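Encoded as structure tokens, the structure appears first; notes follow it.
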Amino acid sequence: MWLPLVVGVDGSAASLRAVDWAVDEAARLALPLKIVHATMTDDGEPVCGPETGADHPCGQDIGQHVIDAAQERARTRNPDLKVTAELVWGDAVSVLLNAGRNASALVTGARGRGELKDLLLGSVSLVVAARAQCPVVVVRAGARPSADRYDKILLGVADAESSSAALHFAFEVAAARGCALDAVLAWHRPPRTSISKLLDLPRHEDQHGQRTRALLDEALKQSVGEFPSVDVHRIVVEGPARDVLLKQSETTDLLVVGAQRRLNGSGLHLGRVNHALLHYAACPVALVPQWN
């Protein structure tokens, strides 16, 4: 039995955009879609309790309205897709993380580019992306509409060992969409040694580029064999990975990157590059856990 694609909703425009993206992706991957909404107040207390008057809107009623609206939107977008919905009592992060334990992937919406406080403290989408056990796709309000404009997936590659889960995920998505896959590996020019500077020896930039291309070929080897129908473009670029991927995200439909996880670890496991991509990429971003 295939695990469903799960999308979290909170009634915001951003979460509805996430529903649209999730509906299209679930249909492409032939997966059922599950819509989840967590209902609690900001301080963790229920919106209403036994003492609430009959004429007072209860949190469960509001939550049910959010769920119903999202489910109706999904069914209108694709009447043939199997869609279920669940209203869960709890805080959003815990509910989504729990849902991710039985999901092929989690989809969340975000309200666009985060302010400084969001960068420091983290939003629901940020925390879920950092801790989920399954791939997480963040669809920001500031990103382009969900329609596929470029017919292309972008994959950020670190190396064969630390990117294997992201590689498989990206190839699977590209195969389902029948689109091209741009595999990008950024590299830095090594600093010159004191002797090189003293003797003014020429740099061997071609050697560094060739070595990086060889690393990329090695990282892609298994997935290329497993998904022969995917048209793969190998891209080796000199520069910081953050800047390279943000630039490339302007002409792609989905950016896929790996996210290192530590067994029994705590805290947010994102890394500076992934943190920046979630806030500023021009397209939806998929973070795929890679367990150490």
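Of all residues in segment 225-248, those being open to solvent by 80 Å² or more (accessible area, probe 1.4 Å) and not acidic (Asp, Glu) number 5.
Scan segment 254-264 for residues that are at pLDDT below 95 and either open to solvent by less than 40 Å² (accessible area, probe 1.4 Å) or in a helix (DSSP H, G or I) (or both) and report the count. Here the count works out to 3. Among the criteria (1) assigned to a helix (DSSP H, G or I); (2) closer than 16 Å to Pro4 by Cβ; (3) at pLDDT below 95, the one Gln71 does not fulfil is (3). Please determine, by comparing only the residues of segment 10-50 that are assigned to a loop (DSSP other than H, G, I, E, B) and either of a type in the set (Gly, Ala, Ser) or modelled with pLDDT of 95 or more (or both), which one is most open to solvent (accessible area, probe 1.4 Å). Step by step, filter segment 10-50, then rank; the result is Ala30. Within segment 177-191, is there a residue that is of a type in the set (Lys, Arg), closer than 21 Å to Val230 by Cβ and either modelled with pLDDT of 65 or more or open to solvent by less than 30 Å² (accessible area, probe 1.4 Å) (or both)? Checked segment 177-191: at least one residue is of a type in the set (Lys, Arg), closer than 21 Å to Val230 by Cβ and either modelled with pLDDT of 65 or more or open to solvent by less than 30 Å² (accessible area, probe 1.4 Å) (or both).
Of the candidates Ser223, Ser229, the single residue that is more than 23 Å from the chain's Cα centre (by Cα), modelled with pLDDT of 90 or more and either over 16 Å from Ser163 (Cβ atoms) or polar (S, T, N, Q) (or both) is Ser229. Name the pairs: first residue in segment 81-102 and in contact (Cβ under 8 Å) with a residue 24 or more places away in the chain and hydroxyl-bearing (Ser, Thr, Tyr), second residue part of a helix (DSSP H, G or I) and surrounded by 13 or more Cβ atoms within 10 Å (Cβ to Cβ), Cβ to Cβ under 9 Å, at least 6 apart or on different chains? These pairs meet every condition: Thr84/Gln71. Among the residues of segment 267-284 satisfying the criterion of being among the aliphatic types (A, V, I, L, M) and over 24 Å from Tyr150 (Cβ atoms), which is modelled with the highest pLDDT? Checked segment 267-284; the qualifying residue modelled with the highest pLDDT is Leu270. Look at Pro57 and say whether it is in a loop (DSSP other than H, G, I, E, B) and at pLDDT below 85. Yes: the conditions hold for Pro57.
The values are calculated or read from the model by the stated rules, or taken from the named source; none is laboratory data. Predicted model, so just to flag it, every value in this text is computed and none were measured. Counting neighbours? That spans all protein chains shown, and the Cβs are built from the backbone with ideal geometry, glycine included. Note: accessible area is taken over every heavy atom of the protein model, side chains too, but ligands, DNA and RNA are not part of it. Shrake-Rupley method; radii C 1.70, N 1.55, O 1.52, S 1.80 Å.
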